[in-house]
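> Before we start, here is the structure in question, set down as structure tokens.
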Amino acid sequence: MGDERVKTLPVRRTSRLSGFYQQSPERRRARLVEARWVAPEEAEGLAGLGGFDEACADSLVENVIGLHGLPLGLALNFVIDGVERLVPMAVEEPSIIAAASLAARLCAAGGGFSVTADPPITTAQVQLLDVRSVEASLAALVEKAPELLAEVDALIPTMRARGGGAREVEVRVLDATTLVVHLHIDTRDAMGANCVNAVAEALAPRLAEVARARAGLKILTNLADRRTVRVRAHVPLAALVTEAFSDGAVVRDGILEAQRFAELDPYRAVTHNKGVMNGVDAVLVACGNDWRAVEAGAHAWASRTGVYRPLTTWGVGVEGALEGELWMPLATSTAGGAARTHPGVLRALRLARVSGALDLAGLAAAAGLATNLAALRALSTEGIQKGHMALHARRVAAEAGAQGALIEIVAERLSRERVYRPERAREILAAEAARSREGCP
Ligand code: MEV
């Protein structure tokens, strides 16, 4: 028996790992161990494909002939609902992870992100055709709704045991002879596609009987508007100040103008939302989730007023701070599919300390709000090319053999000269080595 008077202090982990971007992947994994995010063996397991192999791939999809890799990176500086978090991102586009980390740092200055999420409702649709009287069929379905809910629950005892289950039967009229029944089901930590599709298929004959109609398609809807997440953040003016912009209010107003552009113009709104999805999708891919479903739902949601609009809003808050919100459908899963069988995905979920589907939705949404903020801030100030080229210069410097502080020195020279060739990086590096041999400061 332990001494009950001895209390174990909770481990405080920080998501601010300074200089992380300058280090090698191996050193970064060691930093995760030092910062107590992972145990040493877990860190080793993150290397390479994270344990994903051909047998695992073969069990996931058909006709496997090999594996396809993507970089797995960590976005830093995230504070979500008061807790520091590392955000795993799998993505091929340069700058996204750096952008998310930068914006998360700005938001952390205002206390970080706060998340609210709907219960995890996934909705099945059953199409009912050849309806003779839409009014009579609708009335019959509404009258039988309590019974139908009980029948759905009887089909999913395991989901019920986990706290999920049928929540609502909704009937919509599509035309003079067609209805659609929506079965809203709480699928807990599952995205729920298999569950609700199976329910829809099993219940369709009964629904057709009640409605005196013929059952057509039985499938979930990816317009998951009962499963939305909202994430908010505010950035104090002081955090918006940059080298080139000494007045945070100017940066804020530039972001507000960019927001207005997206609100007025669908051509811009699509690109604005692409910047949101840069963050959301990278987290979903790292965590083995169905990003196609989320993409489809996000863009339909963005058009729900009849005009395609930005998924985020930005405005002015207390003391002139910049305030932002992302509100979108986000159906996620931490139970089932790749989230259960892909070892790399399991590691990413553990590393990010994801506690369930709603938590993952909050994490992905925070990443989406962050990448949107970073894009608007860059576009409305110096443009995005400067940042992209600075990152490119660092990569060239590192590939040429620069390490530690030398990466910054070589990258800065390459950026100043606007020459990003590896030979030039090697020349600068050799000159720096000669200088330090000669004892120059
Ligand atoms: C590039 O991947 C994303 C941006 O185009 C987003 C935006 O324009 O807001 C930079």
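The values are calculated or read from the model by the stated rules, or taken from the named source; none is laboratory data. Everything quoted here is computed from the prediction, not taken from an experiment. Note that each Cβ is placed from the backbone with ideal geometry, even for glycine, and that neighbours are counted across all protein chains shown. Protein only, heavy atoms only, side chains kept; ligands, DNA and RNA dropped before computing areas. Shrake-Rupley method; radii C 1.70, N 1.55, O 1.52, S 1.80 Å.
> Around SER15, with a cut-off of 9 angstrom between Cβ atoms, what is the net charge of the other residues, counting Lys and Arg +1 and Asp and Glu -1?
Summing Lys and Arg as +1 and Asp and Glu as -1 gives +2.
> Note the full-extension length gain between PHE20 and ASP265 as 0.36 nm times their separation in residues minus their Cα-Cα distance, in nm to one decimal.
Between PHE20 and ASP265, full extension yields an extra 84.4 nm.
> For the stretch 387-437, with equal point scatterers placed on the C-alpha atoms only and solvent neglected, what are the log10 I(q)/I(0) values from the Debye formula at q = 0.13, 0.22, 0.23, 0.24 1/Å, to two decimals?
The computed values of log10 I(q)/I(0) come out as -0.23, -0.64, -0.70, -0.76.
> Taking only protein heavy atoms into account and a 1.4 Å probe, give the accessible area per residue of the stretch 387-437 in Å².
60 Å²
> What FRET efficiency comes out for the pair VAL307/LEU174, r = Cβ-Cβ distance, R0 = 22 Å, nearest 0.05?
Rounded to the nearest 0.05, the efficiency is 0.45.
> Sticking with this structure for a sec: When the chain is treated as a GNM, springs tying every alpha-carbon pair under 10 Å, which of ASP189, ASP253, ASP175 comes out with the largest mean-square fluctuation?
For the chain, modelled as a Gaussian network with Cα springs under 10 Å, the answer is ASP175.
> Still on this structure, please answer the following. How long are the three semi-axes of the equivalent ellipsoid for the chain, computed from the Cα gyration tensor as the root of 5 times each eigenvalue, in whole Å, largest first?
Working through the eigenvalues yields semi-axes of 46, 26, 21 Å.
> Could you work out the helix-only [θ] at 222 nm for the chain, with each DSSP H run of four or more residues adding -39,500 (n - 2.57) and the total divided by the number of residues, to the nearest 500 deg cm²/dmol?
Calculated at 222 nm, the ellipticity per residue is -15500 deg cm²/dmol.
> Just to confirm my numbers, what's the Cα centroid distance between the stretch 419-441 and the stretch 219-274 in Å?
Distance between centres, Cα-based: 41 Å.
> Find the relative contact order for the stretch 384-441 and round it to a whole percent, using C-alpha pairs within less than 8 Å whose residues are 6+ positions apart.
It comes to 34 percent, rounded to a whole number.
> How far, in nm, would the chain grow between SER436 and ALA39 when pulled straight, counting 0.36 nm per residue and subtracting the alpha carbon separation?
Answer, rounded to one decimal: 139.1 nm.
> Can you compute the equivalent ellipsoid semi-axes for the stretch 230-337, i.e. the square root of 5 times each eigenvalue of the Cα gyration tensor, sorted largest first and rounded to whole Å?
In descending order the semi-axes read 28, 17, 12 Å.
> Okay, which of the stretch 157-178 sit inside 19 Å, backbone N to the point 7 Å along the Cα-Cβ direction of ILE219?
172, 174-175, 178
> Whenever you get a sec, compute what percent of the accessible area on the chain sits on carbon and sulfur atoms (1.4 Å probe).
Here it works out to 54 percent.
> Please enumerate, by chain and number, the aspartates and glutamates with C-alpha under 19 Å from the C-alpha of LYS274, excluding those fewer than 8 residues away in the same chain.
List returned: GLU92, GLU93, GLU257, GLU263, ASP265, ASP290, GLU295, GLU325.
> Can I ask one more? Among the helices of the chain (complete DSSP H runs), which have Cα atoms covering no less than 20 Å along the helix axis and a Kyte-Doolittle mean of at least -0.5?
Both cut-offs are met by 134-155, 193-211, 248-264, 266-286, 357-380, 384-399.
> Here's another thing I want to ask about it. For the stretch 66-190, what D do you get in µm² per second when you plug the Kirkwood radius from alpha-carbon pairs into Stokes-Einstein at 37 °C and 0.692 mPa s?
The calculation lands on 176 µm²/s.
> When a/c is below 1.5 the answer is rounded, else prolate if a/b is larger than b/c, else oblate, so apply that to the stretch 306-441 with a ≥ b ≥ c taken from the square roots of the Cα gyration tensor eigenvalues.
oblate
> Alpha carbon centre of the stretch 293-337 versus the stretch 141-212: separation in Å?
Computed from Cα coordinates, the inter-centre distance equals 27 Å.
> Next up: Grab the Cα-Cα distance for ARG353 and ALA30, subtract it from 0.36 nm times how many residues apart they are, and report the gain in nm with one decimal.
Gain on stretching ARG353 to ALA30: 114.5 nm.
> Shifting gears a bit: Please find the FRET efficiency linking ILE409 to LEU129, where r is the Cβ-Cβ separation and R0 is fixed at 60 Å, and quote it to the nearest 0.05.
FRET efficiency, ILE409 to LEU129: 0.30.
> Peptides 283-289, 293-299: what's the order by average Cβ count within 10 Å, highest mean first?
Output ranking for 283-289, 293-299: 283-289, 293-299.
> Would you please name the trypsin sites (Lys or Arg not before Pro) within the stretch 17-76 that are DSSP coil residues with at most 16 other C-beta atoms within 10 Å of their C-beta?
Passing both the DSSP loop test and the Cβ count: ARG36.
> Any idea of the accessible area per residue across the stretch 121-220, 1.4 Å probe, to the nearest Å²?
Value for the stretch 121-220: 47 Å² per residue.
> Let me ask another. Can you give the accessible area of TYR21, probe radius 1.4 Å, in Å² rounded to 10?
Answer for TYR21: close to 120 Å² accessible.
> In addition: For the stretch 1-129, compute the orientation-averaged projected area of the C-alpha convex hull (one quarter of its surface), in nm².
Mean shadow area of the hull around the Cα atoms is 15.6 nm².
> What do you get when you divide the Cα radius of gyration of the stretch 121-220 by 2.2 N^0.38 Å, with N the number of residues?
1.01
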